[in-house]
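Report on the structure given below.
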Amino acid sequence: MDMKLLEEICEVRRLGSKAALVTIVDTRGSTPRKAGSKMMVYPDGRITGTIGGGCSESEVRLKALQALDEQRSSLYRVSMLNDTAADEGMVCGGIMDVFIQVI
């Protein structure tokens, strides 16, 4: 794990604040990042780290904010296939499963 993310997790815990740790747990096909990539999402919407940028990262960021509101971790699938990918201008053509862990 990236040392900066590890330090931020410790800081969130120490302060008793909250954040969501997003981890890519599986990929299929062409994706911008692979399993193990991580980012932190804070209640104010800012992020640290990346799971690939673009529309898919924005989509996951919104899901992480929802998870923070509901205080519930979840598994989420991001599809970057066919019409969706073409409509969004994505050069990828795969699927990412991400685990959104509320801290």
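The values are calculated or read from the model by the stated rules, or taken from the named source; none is laboratory data. The structure displayed is predicted, hence computed values, not measured ones. All Cβ positions, even for glycine, are placed from backbone atoms using ideal geometry, and neighbour counts span all protein chains on display. Note: areas computed on protein heavy atoms with side chains; ligands, DNA, RNA excluded. Shrake-Rupley method; radii C 1.70, N 1.55, O 1.52, S 1.80 Å.
Of note:
- Looking across the range 4-24, the residues that are open to solvent by less than 50 Å² (accessible area, probe 1.4 Å) and of a type in the set (Gly, Ala, Ser) come down to 19, 20.
- Residues of the range 57-95 satisfying the condition of being aliphatic (A, V, I, L, M) and either at pLDDT below 95 or on the phi > 0 side of the Ramachandran plot (or both): 78, 80, 81, 85, 86, 90, 91, 95
- Positions within the range 34-56 being over 14 Å from residue 101 (Cβ atoms) and in contact (Cβ under 8 Å) with a residue 24 or more places away in the chain, in sequence order: 43, 48, 52, 54, 55, 56
- Residue within the range 25-39 that is surrounded by fewer than 16 Cβ atoms within 10 Å (Cβ to Cβ), outside any loop (DSSP other than H, G, I, E, B) and out of contact with any Phe, Trp or Tyr (no Cβ under 7 Å at 6 or more places or on another chain) present: yes
- Unmet criterion (only one of (1) in contact with a Ser or Thr (Cβ under 6 Å, 6 or more places away or on another chain); (2) free of Cβ contacts under 8 Å to residues at least 60 places away in the same chain) for residue 24: (2)
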